[in-house]
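Read-outs throughout are calculated quantities, based only on the coordinates presented, and are distinct from any laboratory measurement. Source: prediction; values computed, not measured. Every residue, glycine as well, gets a Cβ built from its backbone with ideal geometry; the counts of neighbours run over all protein chains shown.
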Amino acid sequence: MDGTNGLKETTRVPTPAASNKPESNTPESTNTLSVNVFTAPGKAMVGERPKPFGEALAFDPITSTLIFGDYDAVLVDTMGTVSEAEALAAWVALHNRNLETIYITHAHFDHFYGLSILLDRFPGARAIATPEAVNAMQMSFTPVVERLARRMFPGQVATKLIPPQPYANDTFTLEGYELRIIKQGRTDSPDSTSLYVPSIGLIVAGDVVYNQCRIYVGDTTPESRKNWIADLDRLAALNPTMVIAGHKKPGAPDSPSTIQETKRYLQDFDRLQKTAKSEQELFDQMTELYPHWVANQSWLMFGFPGA
Ligand SMILES: [Zn+2]
């Protein structure tokens with residue numbers, strides 16, 4: 001690095017507070033990376049609740065995250081419906097950065113069915129996910145799952161559904177800063193990941209962390225929840241300053257405490273599942289323990305309707 005850069009005339013200053021900064025990768029920017037979170041609200045779904053309790057059938061609020069430097073940006077996850085993806089694309093454009101990379105954290109369609117809309121708007125961007133996640137996504141392109149999504153969100157699923165490209169490396173960069181893919185195994189979905197940005201202590205957790213939003217335990221087992229909890233411990237050990245959950249109560253702060261809160265919810269569910277006398281009792285006990293968490297949906301606890 002010779003200290004010059006054709007794009008800039010300013011003098012470089014050291015990046016502040018970069019205690020975790022990778023030594024091998026000197027950033028070219030004078031500034032640290034920034035981050036902004038887009039939260040789509042919860043939305044109605046057409047269909048029957050899988051169990052006759054909890055709120056009327058709806059989908060939980062969901063996030064996408066933009067990480068950006070002076071010129072370039074990385075978007076994490078692309079929402080599920082057309083209107084969400086269009087709003088997200090307009091919001092990304094407001095940042096006036098070159099969208100270089102779209103990273104998809106895991107294989108659930110609520111996080112990537114909007115991808116074609118983002119790529120139409122930002123044709124220069126590459127869309128990537130781990131090879132394992134891309135493989136797991138194939139299920140969402142089968143007629144059965146696509147039909148299910150179109151039935152539950154009528155007129156709201158993009159006509160063109162495309163997967164990201166498999167990306168085999170563990171890291172990529174944004175303006176010279178490292179972004180690290182953390183493979184998490186099975187959490188609320190198989191082969192999920194989080195994205196870690198050491199230079200700013202940021203974890204974009206995907207669905208490994210939930211933030212004041214009821215957790216999709218409907219597709220877990222005691223064994224998979226153990227894996228999930230170990231993942232959370234690994235994230236906590238990174239000592240992050242900011243943690244962005246895949247699903248959150250709109251307006252909730254992106255606090256690192258969400259790691260422990262997610263762990264506690266999983267442990268409470270584990271414990272109560274063994275003692276509750278009925279599904280209704282289990283549901284009611286979890287509702288009482290987390291009265292202010294959003295998306296009190298029976299499908300989050302007992303499985304996706306029609307799946
Ligand atoms: Zn999700």
Q. Under unit Cβ charges (Lys, Arg +1; Asp, Glu -1), what dipole magnitude, rounded to 20 debye, does the chain have relative to its Cα centre?
A. 460 debye
**Q.** Farthest toward positive dipole pole in segment 4-302 [+1 Lys/Arg, -1 Asp/Glu at C-beta], among M301, N227, T173
**A.** M301
Q: Report the semi-axes of the equivalent ellipsoid for segment 196-245 in whole Å, largest first, where each axis is √(5λ) for an eigenvalue λ of the Cα gyration tensor.
A: 22, 13, 7
(Q) I want the local charge near P41. Using Cβ-Cβ distances under 14 Å, sum +1 for each Lys or Arg and -1 for each Asp or Glu among the other residues. (A) -1
Q.
My understanding is that a pair violates if its Cα-Cα distance is over 18 Å; which of K51/K249; K226/K274; K249/K274; K51/K277; K248/K274 do that in this structure?
A. K51/K249; K249/K274; K248/K274
Q.
Using a Gaussian network model on the chain with a 10 Å cutoff between Cα atoms, which of P166, P198, P256 fluctuates the most?
A. P166
Q | MRE, 222 nm, helices only [DSSP H, n ≥ 4, -39500 (n - 2.57), over the chain, to nearest 500] | A | -8500 deg cm²/dmol
Q | Kirkwood Rh and Cα Rg combined as Rg over Rh, evaluated for segment 173-256 | A | 0.97
**Q.** Mean Cβ count within 10 Å, highest first, over the residues of peptides 179-192, 146-159
**A.** 179-192, 146-159
Q) In nm², what is the average projected area of the convex hull enclosing the Cα atoms of the chain? A) 15.6 nm²
Q: Under 9 Å from the Cβ of M301, count the other residues' Cβ atoms, weight Lys and Arg +1, Asp and Glu -1, and hand me the total.
A: +1
Q.
Can you compute the FRET efficiency between V37 and D270 using 1/(1 + (r/R0)^6), with r the Cβ-Cβ distance and R0 = 45 Å? Round to the nearest 0.05.
A. 0.95
Q) Can you give the charge dipole size of segment 171-307 about its Cα centre, rounded to the nearest 20 debye, using +1 on the beta carbon of Lys and Arg and -1 on the beta carbon of Asp and Glu? A) 160 debye
Q. Loop-only check: which trypsin sites (Lys or Arg not before Pro) in segment 271-307 are DSSP coil with at most 16 other Cβ within 10 angstrom?
A. K277
**Q.** Selection from T275, P61, T130 lying farthest towards where the dipole of the chain points positive, charges on Cβ
**A.** T275
